[in-house]
1. Taking the residues in segment 208-219 that are of a type in the set (A, V, I, L, M, F, W, C) and surrounded by 13 or more Cβ atoms within 10 Å (Cβ to Cβ) as candidates, determine which candidate is farthest from Leu151 (Cα to Cα).
2. Going by the structure shown, is Gln130 part of a helix (DSSP H, G or I) and of a type outside the set (D, E, K, R)?
3. Would it be correct to say that Ala104 is surrounded by fewer than 18 Cβ atoms within 10 Å (Cβ to Cβ), assigned by TED's automatic domain parsing to the domain that holds Val53, in contact with a strand residue (DSSP E or B) (Cβ under 9 Å, 6 or more places away or on another chain) and modelled with pLDDT under 85?
4. Quick check on Asn136: is it within 15 Å of the chain's Cα centre (by Cα) and either in the same structural domain as Leu60 (by TED's automatic domain parsing) or closer than 16 Å to Ala73 by Cα (or both)?
5. Could you list, in sequence order, all residues of segment 174-186 that are touching an Asp or Glu at 6+ places or on another chain (Cβ under 8 Å) and surrounded by 13 or more Cβ atoms within 10 Å (Cβ to Cβ)?
6. Could you please find all residues in segment 140-162 being part of a loop (DSSP other than H, G, I, E, B) and either in contact (Cβ under 8 Å) with a residue 24 or more places away in the chain or surrounded by 12 or more Cβ atoms within 10 Å (Cβ to Cβ) (or both)?
7. Looking at (1) surrounded by fewer than 18 Cβ atoms within 10 Å (Cβ to Cβ); (2) within 19 Å of the chain's Cα centre (by Cα); (3) of a type in the set (D, E, K, R), which is the one condition that is false for Asp84?
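The values are calculated or read from the model by the stated rules, or taken from the named source; none is laboratory data. In this text, all values refer to a predicted model and were calculated from it rather than measured experimentally. Because the Cβ atoms are built from the backbone with ideal geometry, glycine has one as well, and the counts that use them run over all protein chains shown.
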Amino acid sequence: MKTFIAKGVFLGLSFMLLMSLLAQHGCSEPREKKAVYVLVDTSGTYSKQFDKVQIVMRYLLGSLTPGESLALARIDSESFNEKDIIARMSFDLRPSMANAQKRAFIESIDMFGKNIQASRYTDITGGILQAIEYLNETQATQRTILIFSDLKEEIKKGQVRDFPISFNGIHVVAINVTKLKSDNVDPREYQNRLDAWAKRVEQGGGNWKLINDMNNLSQIIE
C-alpha cells in the first residue's frame, strides 16, 4: 500500500513539473524579428552617393537573420509605386536558402548601382508611405526605415504631401544627410530640414535618429 501511494505521489509531482515546464515554454516571448526598408534618393548629386548605400546594404545583409526582411527602393519623382522597389525579401528560415537569397540581393543592388538614373523630383513622403505599408505586412517586432537623402522634398505642382503620417513605433534613421549649396549660404536651412523631419516622425508615433558617421553602422538596427 505504501509503495502504491509513493508511486502515486511521484507520478503526481512529475506531472505537475511537466505542466510547469510546458507552461513556461508556452509563455516565453518569441524572438524579436526585424524588418528594414531602405529608401535611396536618386535626385541631383545624391545619385553619386550610392557607394555608401552599398556599404550599408552589405552590413544589413550580414546582420539580418533567417526569417527577417529587407527591402531597397528608390525615392522617385512621382507618387511611389512598385516599379521603384529594387529588391525585397523575407529570408528563408533555412540558413542555406537565406544565404542564396542574400547573394541574389547583392546582385540586384550592384546592377541598380551601375544603371542609376537621376530623378528630377524627390517624393520622400510617398516613399515613406510605401515603406510603412511593407514593414507592417512583415509583422516584424522591430521595423526600421533607412533614408539616404539630403531630406529636401521636391514634388510636382499639385501634389499634396503636407499631412500627418502614422509611424506606429517604426524607427526612422537618416543616413549621410548631405548638405546643399544653399546650406553653405545659410546653415540654418540644413538644421531646419532635420528638425522638420524629426518632428514629423515623432509626432506620428515613430522614433527618429540621424547617423552621418559611417563608422557607426552598428547603431542602425540596435
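1. Of the residues in segment 208-219, the ones of a type in the set (A, V, I, L, M, F, W, C) are 208, 210-211, 214, 217.
Adding the requirement that they be surrounded by 13 or more Cβ atoms within 10 Å (Cβ to Cβ) leaves 208, 210-211, 217.
On the way: Trp208: 13, Leu210: 11, Ile211: 13, Leu217: 20 Å.
Filtering segment 208-219 for residues that are of a type in the set (A, V, I, L, M, F, W, C) and surrounded by 13 or more Cβ atoms within 10 Å (Cβ to Cβ), the one farthest from Leu151 (Cα to Cα) comes out as Leu217.
2. Details: part of a helix (DSSP H, G or I): yes; of a type outside the set (D, E, K, R): yes.
Criteria met by Gln130.
3. Working: surrounded by fewer than 18 Cβ atoms within 10 Å (Cβ to Cβ): yes; assigned by TED's automatic domain parsing to the domain that holds Val53: yes; in contact with a strand residue (DSSP E or B) (Cβ under 9 Å, 6 or more places away or on another chain): yes; modelled with pLDDT under 85: no.
Against the criterion (surrounded by fewer than 18 Cβ atoms within 10 Å (Cβ to Cβ), assigned by TED's automatic domain parsing to the domain that holds Val53, in contact with a strand residue (DSSP E or B) (Cβ under 9 Å, 6 or more places away or on another chain) and modelled with pLDDT under 85), Ala104 does not qualify.
4. Details: within 15 Å of the chain's Cα centre (by Cα): yes; either in the same structural domain as Leu60 (by TED's automatic domain parsing) or closer than 16 Å to Ala73 by Cα (or both): yes.
Against the criterion (within 15 Å of the chain's Cα centre (by Cα) and either in the same structural domain as Leu60 (by TED's automatic domain parsing) or closer than 16 Å to Ala73 by Cα (or both)), Asn136 qualifies.
5. Quick first cut of segment 174-186, residues touching an Asp or Glu at 6+ places or on another chain (Cβ under 8 Å) only: 177-180, 182-183.
Correct list: Val177, Thr178, Leu180, Asp183.
6. Just the residues of segment 140-162 that are part of a loop (DSSP other than H, G, I, E, B), to begin with: 140-141, 149-153, 155-162.
Within segment 140-162, Ala140, Thr141, Ser149, Asp150, Leu151, Lys152, Glu153, Ile155, Lys156, Gln159, Arg161 qualify.
7. In the conditions (1) surrounded by fewer than 18 Cβ atoms within 10 Å (Cβ to Cβ); (2) within 19 Å of the chain's Cα centre (by Cα); (3) of a type in the set (D, E, K, R), Asp84 misses (1) alone.
Residue-wise test of (1) over 22 Å from Ala140 (Cα atoms); (2) touching a residue at least 60 places away in the same chain (Cβ under 8 Å).
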| residue | (1), (2) |
| --- | --- |
| Asn184 | yes, no |
| Glu189 | yes, no |
| Asn192 | yes, no |
| Ala198 | yes, no |
| Val201 | no, no |
| Gly204 | no, no |
| Trp208 | no, no |
| Met214 | yes, yes |
| Ile221 | no, yes |
